[in-house]
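Comments concern the structure below.
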Amino acid sequence: MDDTAKPATATLLAVIDRIIPADQDPGALDLGTDHYVMAQLSSQAGLAASVWAGLAQLDDLADTRFNAVFAKLTAEQQDALIALHQQADWFAALAELTAEGFYADPANSGNRDALSWRMIGYQHRLPEGPNGPMPKADMEPGDAP
Amino acid sequence: MRLDYDCIVVGAGAAGTIIAALVAEAGKRVLLIERGREMSYAADGRRDHLRNQRLSQHGHNAGPDIDGNPRVVVAPDGTERVVRPHEPGYHNNAAAVGSGTVVYGAQAWRFLPDDFRMASRYGTPQGSSLTDWPIGYADLAPFYEQAEQQVGAAGDSHGNRHQGARGADYPMPPVPQHKSAAALQQGAAALGMNSFTPPLLINTIPRAGRGACIGCGSCVGFPCPSNAKNGTQNTMLPRALATGNCQLLPNAMVTAIDTDASGKVTGVTLVADEGGARQSRSVTARMVVVSGGAIETARLLLLSRSAMHPDGLGNAHGQVGRHLQGHYYPSVYGWFDQDVHDDEGPGVTIATTDFNHGNDGVVGGGMLADDFIMLPAIFWKSALPADLPRWGRPAKDFMRDGYRRVLSIKGPVHEIPSPDARVSLDGRVTDRFGLPVVRLSGTTHPETVRTASFMFERAHDWMAASGATRVWGRAPVLQLSAGQHQAGTCRMGDAPEGSVTDQWGRVWGHDNLFVSDASLHPTNGGFNPVLTIMALAFRNGAHMASNL
Ligand SMILES: Cc1cc2nc3c(=O)[nH]c(=O)nc-3n(C[C@H](O)[C@H](O)[C@H](O)COP(=O)(O)OP(=O)(O)OC[C@H]3O[C@@H](n4cnc5c(N)ncnc54)[C@H](O)[C@@H]3O)c2cc1C
Ligand code: SF4
């Protein structure tokens, strides 16, 4: 089954999209940060459980308030619901993972082409590129060497 | 019986590698044992911004491994946690050939003369173990110079108006100053403060057969792309090996210091991966030098129990592992309306020592400086104001608009040590070799928090005077401090009752067992400690070599 077809995954992607939204610069989904977040969640079972539970609450709230799933709401509606959860541990952890992936080196798979660094104005100044020297085994398809 | 070696050094870090080089150059046979592995830029230079010695949320790049090396941390309220090396409270430095010096920021400070006589200058606050060093600045000055010349320091030789007398100038010119220093220099001048470019163990010009710094944007936490950062692994280790007298044994953990029936030290027992299998064996030597860093050195002495030494080696007076200290590091951030960010690493370009001593109403003080170039992920985790939401447009705007407009001022505070801040052995948890792990307990003395709070305010003033329109940071709170600047657990002194070694690092009651690393520091100065660790190693290593 296509992962994005699962309602909970769609909610997760929608929330990640609001954590670092696209504007004149790319947002988290544009840089593939969801891959980083998914990888982290799949290796941290306890955290993953609380995130999925939190996302389910968001969907319930979306249903009660707007009679729709979270992913189908407008950005303003989504932000309003997230604001109600922003103090929750699961949301703080998810926002932290999203930012980690988005602002880290591209080889962590959440910062495609180091575009977040271009946005903020960080220069790596390494001869080999943004990841530094990469042992072959660590390289993902599509990584700049 | 012919002994295997003249001298065994445990730990190839800042101090141990220097000892090995000096003893080997004196013609003695040395075995240098290191639990970590050898690193190189080609194999280990990868910039993993989430797994490194500066941001270790998900692991380290310079050891130790996440699995098999736990510690137990006892909180002030008595609750206990088992922590892995990358988790909060572990107080890691590194485990690698060169240890922290492979990846450090290389700030190369001499302590000030009064740093060696804190008790004489300030008295000993009740409940603290604040004390004088058994030696003074003048005793160490020639060896500071050896460290600066032989490991390789770059700095402004005359800018620091509080420094003790020095002989030769730094062998290399200081790192260049740019926009951030210009802003902070203006603030310092407005407050009448003395400021100057801080010294670093970095080749600012080609030297010793290696290139100059290329100004990369990720200095602290990573190996150097141009091999310009001078650690012990690319300076003193090659010297040790070039003698032909020194054998380096990486990936080997010393599990005990061996003694005979009379209690005399005879060598060490180690565990090494040899031919794919884990082998334990004993090696003999005339002298053993323990340079495992302040936490692991104390652990190894405590682990080396015998009928003659039931509480561990050097511990007849219960001093081993006490007075654990590091540095409080009060930090402020300031927002400027213009771009104040420098692109050229390492990034530390301006400092003051005006507040190290002579501050009204507090004991001691500390140095203040700007910061290394912050990795974006580190900026995210440390530089955002507490009231800023961590999601949505406000967070993204702050990163986009703020990364080049925010500066930091921070600095290490001279700690007022407590005997209750302590390394002991845990009775329950063991490591991958089945050995009892380190148990960390206690906190610094409350006077440290008062001094740190004072320094936090000085950093705030400096930032505001430099034109920052908003200044923020987290006020210091009482806690245990050790970390990368860990020190003090085998303090040297004038008498066995209150210390573990004499002024040469020789463990009381033993003629052939030495400690040489930050464990020896009775107090840890208001500066990053490594040049002092190195200077002591030059001093004590020469003494050891002449006594073998
Ligand atoms: C990222 C980073 C930045 C830093 N920046 C600075 C800076 O700018 N300025 C500064 O002054 N300091 C800095 N430091 C701190 C500096 O590296 C330490 O103060 C210094 O390395 C401590 O020296 P040491 O000899 O006491 O111990 P270490 O250098 O830690 O050496 C101890 C070695 O012993 C090994 N070992 C321990 N136990 C055993 C055993 N049983 N068997 C075998 N081997 C063992 C360890 O693996 C380690 O390699 C930094 C450190 C880090 C990690
Ligand atoms: S800033 Fe200079 S010394 Fe530091 S790692 Fe980069 S190139 Fe090396």
Exercise for the section: For the range A:24-75, name all the residues that are open to solvent by 80 Å² or more (accessible area, probe 1.4 Å) and either within 13 Å of chain B (Cβ to nearest Cβ) or aromatic (Phe, Trp, Tyr) (or both). Expected result: A:24, A:43, A:52
Exercise for the section: Would you be able to say whether some residue in the range B:538-546 is within 30 Å of residue B:162 (Cα to Cα) and within 16 Å of ligand 2 (Cβ to nearest atom)? Expected result: no
Problem - Pair list, Cβ under 7 Å, 6 or more apart: the range A:78-92 residue at the interface with chain B (Cβ under 9 Å from one of its Cβ atoms) and more than 12 Å from residue A:55 (Cβ to Cβ), other residue part of a helix (DSSP H, G or I) and at pLDDT 95 or above - result: A:79/A:18; A:79/B:392
Problem - Failed criterion for residue B:223 (all others in (1) on the phi > 0 side of the Ramachandran plot; (2) within 16 Å of ligand 1 (Cβ to nearest atom) hold) - result: (1)
Completion exercise
Exception for residue B:349 within (1) in contact with a Gly (Cβ under 8 Å, 6 or more places away or on another chain); (2) under 28 Å from residue B:55 (Cβ atoms); (3) of a type outside the set (Gly, Ala, Ser); (4) open to solvent by less than 10 Å² (accessible area, probe 1.4 Å) falls at (1)
Handout entry: Residue in the range A:113-130 that is open to solvent by less than 50 Å² (accessible area, probe 1.4 Å), at pLDDT below 95 and either closer than 21 Å to residue B:400 by Cα or facing chain B (nearest Cβ under 10 Å) (or both) present
Key = no
Exercise for the section: For the range B:355-382, name all the residues that are within 14 Å of chain A (Cβ to nearest Cβ), buried (at least 23 other Cβ atoms within 10 Å of the Cβ) and among the small types (Gly, Ala, Ser). Expected result: B:377
Handout entry: Answer from B:510, B:543 - the residue that is surrounded by fewer than 24 Cβ atoms within 10 Å (Cβ to Cβ) and under 21 Å from residue B:25 (Cα atoms)
Key = B:543
Completion exercise
Here the qualifying pairs (Cβ atoms under 7 Å; residues six or more apart or on different chains; first in the range B:232-250 and within 14 Å of chain A (Cβ to nearest Cβ); second open to solvent by 20 Å² or more (accessible area, probe 1.4 Å) and within 16 Å of ligand 1 (Cβ to nearest atom)) come out as none
Practice task
Report yes if some residue within the range B:325-335 is outside any helix (DSSP H, G or I), within 16 Å of ligand 2 (Cβ to nearest atom) and away from every other protein chain (no Cβ under 14 Å); otherwise report no.
Solution key: no
Handout entry: Members of the range B:273-292 that are part of a loop (DSSP other than H, G, I, E, B) and open to solvent by 20 Å² or more (accessible area, probe 1.4 Å)
Key = B:275, B:276, B:292
Exercise for the section: Among residues belonging to the range B:256-292 that are among the polar types (S, T, N, Q) and more than 21 Å from residue B:17 (Cβ to Cβ), point out the one that is modelled with the lowest pLDDT. Expected result: B:279
Practice task
Residue by residue through the range B:218-239, note down the ones that are more than 8 Å from ligand 2 (Cβ to nearest atom) and outside any loop (DSSP other than H, G, I, E, B).
Solution key: B:236, B:237, B:238, B:239
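Given the options B:393, B:450, name the one that is in contact (Cβ under 8 Å) with a residue 24 or more places away in the chain and surrounded by fewer than 19 Cβ atoms within 10 Å (Cβ to Cβ).
On the way: B:393 fails: in contact (Cβ under 8 Å) with a residue 24 or more places away in the chain.
Among B:393, B:450, only B:450 is in contact (Cβ under 8 Å) with a residue 24 or more places away in the chain and surrounded by fewer than 19 Cβ atoms within 10 Å (Cβ to Cβ).
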Exercise for the section: Kindly provide the set of residues from the range B:28-57 that are of a type in the set (Ser, Thr, Tyr) and within 14 Å of ligand 2 (Cβ to nearest atom), ordered by number. Expected result: B:40, B:41
Fill in the blank from the handout: Only one of (1) within 15 Å of ligand 1 (Cβ to nearest atom); (2) open to solvent by 40 Å² or more (accessible area, probe 1.4 Å) does not apply to residue B:344, and that is (1)
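For the range B:472-503, give me each residue that is more than 16 Å from ligand 1 (Cβ to nearest atom) and either surrounded by 20 or more Cβ atoms within 10 Å (Cβ to Cβ) or within 14 Å of chain A (Cβ to nearest Cβ) (or both).
Within the range B:472-503, the first condition is being more than 16 Å from ligand 1 (Cβ to nearest atom), and the residues that meet it are B:472-480, B:493-499, B:502-503.
Passing the criteria: B:473, B:476, B:480, B:493, B:499.
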Fill in the blank from the handout: Residues of the range B:238-257 being open to solvent by 10 Å² or more (accessible area, probe 1.4 Å) and more than 10 Å from ligand 1 (Cβ to nearest atom), in sequence order, are B:238, B:239, B:241, B:242, B:243, B:244, B:245, B:246, B:247, B:248
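So which residues in the range B:489-516 are closer than 21 Å to residue B:266 by Cα and either at pLDDT below 95 or in a loop (DSSP other than H, G, I, E, B) (or both)? Talk me through it step by step, then tell me what you get.
Going residue by residue through the range B:489-516, those that are closer than 21 Å to residue B:266 by Cα are B:490, B:500-502, B:504-516.
B:490, B:500, B:502, B:504, B:505, B:508, B:509, B:510, B:511, B:512, B:516, listed by residue number.
The values are calculated or read from the model by the stated rules, or taken from the named source; none is laboratory data. Everything numeric in this text was worked out from a predicted model, so none of it was measured. Quick reminder, even Gly has a Cβ in these numbers, built from the backbone with ideal geometry, and neighbours come from all protein chains shown. The protein model used for the area step is the full one, side chains on, heavy atoms only, and it has no ligands, DNA or RNA in it. Shrake-Rupley method; radii C 1.70, N 1.55, O 1.52, S 1.80 Å.
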